[in-house]
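*Asks:* Following this message is one structure expressed as structure tokens.
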Amino acid sequence: MLRKILNSDEFGKEEIKTILSSSTEEEFELLKNKATETLKKFSSDKVYLRGLVEFSNICECNCFYCGIRKSNKSVNRFTLDDDEVLEQAKWCSEKGFGSFVIQSGEVKNEKFISRIIRILKRIKEETKSESQPDGLGITLSVGEHQKETYKRLFEAGAHRYLLRIESSNRELFEKIHPPEQLFERRIQCLHDLKDVGFQVGTGVMIGIPGQTLDNLAKDILFFKKMDIDMLGMGPFIVHKETPFAEYYEENLKNLHDIFRLSLNMIAAARIVLKDVNIASTTALQAIHPNGREEGLLYGANVIMPLLTPASVRKDYLLYEGKPYLEAGAEECLDCLKSSIENLDRETGLFEYGDPKHFFNRKMH
Ligand code: 5AD
């Protein structure tokens, strides 16, 4: 059944559900082979590195699942200095990372936006090099904003933007967000980001209480319909200081299955969407020490090593068990490169590694 589906090139909801239901070693092999073949054919099987800096954990949102939600009073709130961000960006540029990701909580005031703009301009200016004459590529992940704001951020030099839909099912979206955070608004933002000219990434959490395979299959069709360029998906992991703490035991019990389902979801996304960039996320690694490598085997082609300064890393806790929290527990770049090599993959250095989909959709 699975073999037949993978050999066809028609992937409707039912076919995607079959892919997501894979549960035997034989099926996992089929998925890995098909995902890798698709990656090679429509994208490139190089692995691109994006250095991730968590710029600020101040957040105006109250997502029920998220550890840095506004109402979590036990979080020590921080915002990095411009120079601290610049230092990491320069390091990335020297090491040949294709690009740099700035992520933060959602803050809508002008002061915050103009600070980001100032930082973007400095990064573009100060990371110019022979191999990247325009400076480091920059991805932003700073939440919902007005189209005009997105335009300013784009013009300041960011060229990619990540904004997860979390679930493309309205009911589920509403179950995990307070009423003032609107599903329509999130969708509008994704359209605005595309209009402005960004390469746009979205994604969902996998294993949200009440989420079904049907929901996840439709998420993939949603990504297709929205013509998105990049995907970041990862397991939902309960944070104890959130309203979702009540799901702690259930979540813990299911983590193994959720991890498995996340890999199937990455494979399904690769097989159906073909030419997008897919990140193997930190949350995968939070569950399994080789989680990110596994993600690469199932069709992911981007890794985002955490470069937030160690002193504040513990304050950006979206979920329990986030890796690299202890001081000195820096990710070792050479180890990462050699684990990529061990998978018979090449690390894409000194190039942006843009998603092929962006250029393909521009041609149509
Ligand atoms: N478990 C897993 N992922 C989470 N995120 C936020 N909270 C959690 C959690 N408890 C993810 C969301 C968000 C991204 C930055 O982190 O999908 O978009």
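*Asks:* Given LEU153, THR127, SER104, which one lies farthest toward the positive end of the charge dipole of the stretch 83-175, if we put +1 on the Cβ of every Lys and Arg and -1 on the Cβ of every Asp and Glu?
*Replies:* Sorting the options by dipole projection puts first LEU153.
*Asks:* Let me ask another. Rounded to the nearest whole Å², what accessible area per residue is found for the chain with the 1.4 Å probe?
*Replies:* 42
*Asks:* Please report Rg over Rh for the stretch 180-228, where both radii come from the alpha carbon positions and Rh follows the Kirkwood definition.
*Replies:* With Rh from the inverse mean 1/r over Cα pairs, Rg/Rh is 1.01.
*Asks:* Then there is this: Determine the dipole magnitude for the stretch 28-186: charges of +1 sit on the beta-carbon of Lys and Arg, -1 on that of Asp and Glu, nothing else is charged, the reference point is the Cα centre, and the result goes in debye to the nearest 20.
*Replies:* The calculated dipole for the stretch 28-186 is roughly 280 debye.
*Asks:* For the stretch 158-263, taking Cα atoms only, what is the radius of gyration to one decimal and the Dmax to the nearest whole Å?
*Replies:* So, for the stretch 158-263, Rg and Dmax equal 14.3, 43 Å respectively.
*Asks:* Roughly to the nearest percent, how much of the accessible area of the stretch 230-364 is carbon and sulfur, given a 1.4 Å probe?
*Replies:* 54
*Asks:* Pop the C-beta distance of GLU250 and GLU130 into the FRET formula with R0 = 56 Å and round what comes out to the nearest 0.05.
*Replies:* It comes to 0.60.
*Asks:* Another one. If the only charges are +1 at each Lys and Arg Cβ and -1 at each Asp and Glu Cβ, what is the size of the charge dipole of the stretch 8-121 around the Cα centre, to the nearest 20 debye?
*Replies:* 620
*Asks:* Let me ask another. Compute, for the chain, the length of the dipole vector about the Cα centre, with Cβ point charges of +1 (Lys, Arg) and -1 (Asp, Glu) only. Units Debye, rounded to 20.
*Replies:* 760
*Asks:* So for the stretch 126-283, averaging the separation of alpha carbon pairs under 8 Å that are six or more residues apart and normalising by length, what relative contact order in percent results?
*Replies:* Answer for the stretch 126-283 is 20 percent.
*Asks:* Right, another one. When only Cα pairs under 8 Å and 6 or more residues apart are kept, what is the percent relative contact order across the chain?
*Replies:* Worked out over the chain, it gives 24 percent.
*Asks:* Follow-up. Grab the alpha carbons of the chain, take their convex hull, and tell me the volume per residue in Å³.
*Replies:* 131
*Asks:* Taking only the alpha-carbon atoms of the stretch 252-328, what semi-axes of the equivalent ellipsoid follow from 5 times the gyration tensor eigenvalues under a square root, in whole Å, largest first?
*Replies:* 24, 15, 9
*Asks:* How big is the accessible area of HIS288 in square angstrom, nearest 10, if you roll a 1.4 angstrom probe over the protein chains?
*Replies:* Taking all protein chains as shown, HIS288 has close to 60 Å².
*Asks:* Where does each of 213-223, 294-304, 82-92, 106-116 land if you order them by average Cβ count within 10 Å, highest first?
*Replies:* Ranked from most to least packed, the peptides come out as 294-304, 213-223, 82-92, 106-116.
*Asks:* Turning to a different aspect of this structure: Which of VAL196, LEU20, THR347 sits farthest toward the positive end of the charge dipole of the chain, with +1 on the Cβ of Lys and Arg and -1 on the Cβ of Asp and Glu?
*Replies:* VAL196
*Asks:* Just to confirm my understanding: which cysteines in the chain have no other cysteine beta carbon less than 4.7 Å from their beta carbon?
*Replies:* Flagged as lacking a Cys partner: CYS59, CYS61, CYS92, CYS189.
*Asks:* Just to check I understand the Karplus step: with θ = phi - 60° and J = 6.51 cos²θ - 1.76 cosθ + 1.60, what whole-Hz values come out for the stretch 337-348, glycine and proline as x?
*Replies:* Each residue's phi maps through the Karplus curve to give 4, 6, 6, 5, 4, 4, 8, 6, 10, 9, 8, x Hz.
*Asks:* While we're looking at this one, here's another question. Can you give the % of DSSP beta bridges in the chain that are antiparallel, to the nearest 5?
*Replies:* Expressed as a percentage, antiparallel bridges in the chain total about 5.
*Asks:* Under 5 Å between amide H atoms, partner at least 5 residues away or on a different chain: which partners does VAL101 have, H built in plane at 1.01 Å?
*Replies:* Answer set, sorted by chain and number: GLY51, LEU52, VAL53, THR139.
*Asks:* Taking Cα centroids, how far is the stretch 148-166 from the stretch 110-145 in Å?
*Replies:* Taking the Cα centre of each part, the stretch 148-166 and the stretch 110-145 sit 11 Å apart.
The values are calculated or read from the model by the stated rules, or taken from the named source; none is laboratory data. Everything numeric in this text was worked out from a predicted model, so none of it was measured. Counting neighbours? That spans all protein chains shown, and the Cβs are built from the backbone with ideal geometry, glycine included. Note: areas computed on protein heavy atoms with side chains; ligands, DNA, RNA excluded. Shrake-Rupley method; radii C 1.70, N 1.55, O 1.52, S 1.80 Å.
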